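The values are calculated or read from the model by the stated rules, or taken from the named source; none is laboratory data. Keep in mind that this is a model prediction, so the values were computed, not measured. Heads up, the Cβs are rebuilt from the backbone with ideal geometry, glycines too, and the neighbour counts pull from every protein chain shown. Only protein heavy atoms, including side chains, enter the accessible area calculation; ligands, DNA and RNA are left aside. Shrake-Rupley method; radii C 1.70, N 1.55, O 1.52, S 1.80 Å.
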Amino acid sequence: CALPISVGNRWTRLGSSVIGGRFNDSPLSGAFPGRQNYLIYGFDAVARYENLLRFQFEYAQRNTNLLTSAPPDPIVTAVEKVCGYYFEAEGRRHNESKFSLLARWDHMNRNIAPSALNITEVQRFTYGLNYAVTSNSLFMFNHEIWREIR
């Protein structure tokens with residue numbers, strides 16, 4: 001079941017969605033007994049002023065039941081959680097400008113409970129210059145800085 005929602009006007013927009021379900025048909029069938037459920041949800045926001053400034057934010061998370069051992073051993077389930085967000089800003093000197101400056105911060109982390117030993121965290125900062133070649137095509141020149149934490 002999926003449920004997307006979006007509201008807004010010319011200058012702002014807020015949205016969210018959620019979807020969930022099960023990977024396997026029955027908790028007692030097949031080679032992988034046990035429930036393998038998932039839930040994915042997120043929300044986003046965009047604010048803009050004419051064609052001069054744009055700010056954007058998005059957060060998303062996925063929770064998944066995992067099987068950490070296989071038959072004939074006892075089935076042990078864990079929950080994998082992957083979540084992340086980004087902030088982005090873009091600005092132009094005037095509305096008709098084909099050039100814009102862009103900055104973006106991304107952050108993602110992953111962990112598996114009950115074991116907190118599987119934590120992975122990645123951060124990325126991007127900045128650069130965009131050029132609108134046509135109304136549907138964008139040339140981007142940017143620099144990215146990545147940081148991984150284990």
Backbone HN-Hα couplings from phi across the range 96-104 [Karplus 6.51/-1.76/1.60, Hz, Gly and Pro as x]
8, 5, 8, 9, 9, 9, 9, 9, 8
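Over the range 78-150, what portion of Cα pair distances is larger than 21 Å, expressed as a whole percent? Spell out each step's value before the answer.
On the way: 1180 of 2628 pairs.
The calculated P(r) of the range 78-150 puts 45 percent of pairs beyond 21 Å.
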Normalised by the residues of the range 91-150, what does the relative contact order come to in percent, with Cα pairs under 8 Å and at least six apart?
31 percent
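Ranked by accessible surface with a 1.4 Å probe, highest first, in what order do 13, 124, 54, 93 come? Before the final figure, lay out each step's value.
Details: 13 100, 124 55, 54 30, 93 220 Å².
Result, largest first: 93, 13, 124, 54.
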Add +1 for every Lys or Arg and -1 for every Asp or Glu among the other residues with Cβ under 15 Å from the Cβ of residue 128, and state the total.
+1
